[in-house]
Amino acid sequence: MTYSILALDFEKKLLVVGVASGSEAVGSRVPWIKKLVGAVATQGYTNIIYGVEGLRLLERGYTPKDALAKLLERDSSPELRQVAMIDIKGRKAVHVGAECPEWKGYYVGGDFIVIGNLLRSKDVLEAIVKTLKEEREENLIETVLKALLAGEEAGGDARGNLSAALLASGYGVDINLRIDRAANPVKELAKKYHIVYRRAVEH
């Protein structure tokens with residue numbers, strides 16, 4: 001249904017979440033972020049409680065691992081969820097429920113997490129990870145956009161990508177961009193970012 005990237009520039013205290021999906025308006029429910037606290041992507045059969053309560057627990061001092069475990073305990077259908085969390089200290093946690101649709105998977109890197117389900121194939125995840133590890137831009141936001149596009153070009157959602165979103169938060173940075181429906185939503189998202197935000201981020 002969806003693939004998401006959570007990334008952290010520790011030196012700049014910059015958190016970034018990028019997401020693309022075969023569903024409409026993915027930005028309304030999957031990505032969550034709070035400045036200097038952490039970020040969450042909640043997908044699969046999405047339950048927004050993981051975003052709302054997850055950030056609240058991180059802000060209270062829970063580690064991502066403990067926050068995610070607490071929320072999974074409360075969930076009557078954890079096997080349907082795919083969730084990733086990263087906090088401002090770089091700690092991470094991932095859950096992939098057994099009943100999330102195939103192809104599903106995840107990857108935890110040094111400063112990022114990638115999760116995806118109902119993907120065209122494992123090539124989508126591999127293309128995203130390769131970009132995040134080997135083809136970095138100086139600006140983390142642009143790296144995440146580049147990685148989202150690599151995922152789209154590798155096949156994206158098995159139904160075809162329909163929407164995309166980007167959240168970024170840090171010192172002097174507050175970005176919330178959504179493409180709720182488009183034939184090439186990640187390309188439209190990148191175009192919108194470069195028009196609206198790039199100059200502000202660079203300066």
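For this structure, a couple of remarks:
- Any chance Ala150 is assigned to a strand (DSSP E or B) and on the phi < 0 side of the Ramachandran plot: no
- Selected residue (criterion: modelled with the highest pLDDT) from residues of region 159-184 that are in a loop (DSSP other than H, G, I, E, B), out of contact with any Lys or Arg (no Cβ under 8 Å at 6 or more places or on another chain) and among the aliphatic types (A, V, I, L, M): Ala182
Residue by residue, here is whether (1) of a type in the set (D, E, K, R); (2) under 25 Å from Val129 (Cα atoms); (3) touching an Asp or Glu at 6+ places or on another chain (Cβ under 9 Å); (4) at pLDDT 95 or above holds:
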position: Thr46; (1), (2), (3), (4): no, yes, no, yes
position: Val52; (1), (2), (3), (4): no, no, no, yes
position: Arg56; (1), (2), (3), (4): yes, no, no, yes
position: Arg60; (1), (2), (3), (4): yes, no, no, yes
position: Leu80; (1), (2), (3), (4): no, yes, yes, yes
position: Ile88; (1), (2), (3), (4): no, yes, no, yes
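- Summed over region 119-135, residues that are over 17 Å from Gly18 (Cα atoms) and not polar (S, T, N, Q) total 4.
- Just one of the numbered conditions (1) out of contact with any Asp or Glu (no Cβ under 6 Å at 6 or more places or on another chain); (2) of a type in the set (Gly, Ala, Ser); (3) surrounded by fewer than 24 Cβ atoms within 10 Å (Cβ to Cβ); (4) not in a helix (DSSP H, G or I) is not true of Ala127: (4).
- Pairs linking a residue in region 113-129 that is under 19 Å from His95 (Cβ atoms) to a residue that is modelled with pLDDT under 95 and among the aliphatic types (A, V, I, L, M), with Cβ atoms under 6 Å and 6 or more positions apart or on different chains, are Asn117/Met1; Leu118/Met1; Leu118/Ala158.
- Yes/no for Tyr106 being aromatic (Phe, Trp, Tyr), in a strand (DSSP E or B) and open to solvent by 50 Å² or more (accessible area, probe 1.4 Å): yes
- Residues satisfying the stated conditions in region 109-119, i.e. open to solvent by less than 10 Å² (accessible area, probe 1.4 Å) and closer than 14 Å to Gly38 by Cα: Phe112, Ile113
The values are calculated or read from the model by the stated rules, or taken from the named source; none is laboratory data. Owing to the predicted nature of the structure, the values given are computational and were not obtained by experimental measurement. A quick note on method: Cβ atoms are made from the backbone with ideal geometry, for glycine too, and the neighbour counts reach across all protein chains shown. In case anyone asks, the SASA skips ligands and DNA or RNA and just uses the protein heavy atoms, side chains included. Shrake-Rupley method; radii C 1.70, N 1.55, O 1.52, S 1.80 Å.
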